[in-house]
Amino acid sequence: MTDALDIPKLACGEPGRQMFFQFVGQYFAATPRLTPLPLGTPCSICGSVAVQLWFTGSGEASCLAQLTITRKRAARASASQPVIPAANPSGATAMGDGNMIIAGPHRAMIITKLLPDRPAPSEVEIKFSEKGCIRAAKLDLLENPPRPPFVVIVCEKNARFRTRVTVDASQIAINGPSGQILNRPYLSRLIDMSRMVGAKELLELMDLRHRLAGGGNSNRRNGQHERDQAAFLDLRAAGLLTPAEFRSLPSLGSPEAVFLRQVLV
């Protein structure tokens, strides 16, 4: 078993990571077996000097919240395995191996294969990480967000990122190395469009809008422009989307376009 952990009131000087730790992370935390740094040492990510930091093997000054994200430990092999602390907590899995967290006073949820270091209360949802589960969780977050404030983190191998707390559900921050700020009312309308015309079709219409707006210089030379114009006329004739709805489709590379490809593909 891991050493008993004296849960600190402040595990990170950054509000987002602190919220993660307070409502979810503390149940997956253990006393670091690293060299503690003198109080007042600045964090290598957020610069805070308000919390205890440890010197990591990669030469960084990390807080307990960050170490909870990066530490490798034991994990469940399947969803049928009980969500209880492991008899042997050592292992090769970290939160960067496909985890998503929603943490705040009104909802605490983690999608993970990791086993907790101490029993979590019933109000903390621990869901087994399976194919498509993060995609579904993002879509559910868009349609049924918890009452703010809350923090959303999608962990990947790169754990060096700043976090932002969502304080208004109309603008949801998804934190991670590929962070996004999502315009929820706009995205909800786009999701409704995808249900009307089809998910694949909506993504194709986004590409069509991009090309018609001049997003490809070779289009005129290879005849693509004429084909796109004909496709647009067919779209108007079919009445699936109004011209205004078509023009409202997001630009390729925008946070909304990236999100749609993540949840609709």
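In table form, for the structure just shown:
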| read-out | value |
| --- | --- |
| Where a label projected 7 Å from the Cα of VAL49 along Cα→Cβ would reach, residues of region 1-41 with amide N under 14 Å | 38-41 |
| For region 61-75, 3J(HN,Hα) per residue [Karplus equation, 6.51 cos²θ - 1.76 cosθ + 1.60, θ = phi - 60°, Hz, x = Gly/Pro] | 9, 10, 8, 5, 4, 5, 5, 5, 6, 8, 5, 8, 7, 6, 9 |
| Cα-based convex hull volume of the chain per residue, rounded to whole Å³ | 154 |
| Spacing of the two label points (7 Å from each Cα toward its C-beta) at GLN262 and LEU139, in nm | 1.5 |
| Violating pairs (Cα-Cα greater than 26 angstrom) within the set LYS72/LYS131; LYS72/LYS200; LYS113/LYS200; LYS131/LYS200; LYS127/LYS157 | LYS72/LYS200; LYS113/LYS200 |
| Full-extension gain in nm, VAL197 to ALA79, via 0.36 nm per residue minus C-alpha separation | 39.0 nm |
| Among beta bridges that DSSP assigns inside region 15-178, antiparallel share in %, nearest 5 | 75 |
| Taking all pairs of distinct alpha-carbon atoms in region 1-102, Kirkwood radius in angstrom | 14.3 |
| For region 148-205, Kirkwood radius (reciprocal of mean inverse C-alpha pair distance, Å) | 12.9 |
| Burial ordering of VAL167, VAL151, fewest other beta-carbon atoms within 10 Å first | VAL167, VAL151 |
| Quotient of C-alpha Rg and 2.2 N^0.38 Å, computed over region 79-234 | 1.37 |
| Inter-centroid distance (Cα atoms) of region 107-128 relative to region 1-53, Å | 19 |
| Relative exposure of LEU260, LEU241, judged by other C-beta atoms within 10 Å (fewest first) | LEU241, LEU260 |
| Contour excess over end-to-end distance, with Cα ends at ALA87 and THR35 and 0.36 nm allotted per residue | 16.2 nm |
| Taking the convex hull of Cα positions in region 77-141, its mean projected area over all directions (nm²) | 4.9 |
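Rule-based calculations on the coordinates, nothing more; no lab input. What you are looking at is a predicted structure, and each value in this text was computed from that prediction instead of being measured. Glycine gets a Cβ as well: all are built from the backbone with ideal geometry, and neighbour counts include every protein chain shown.
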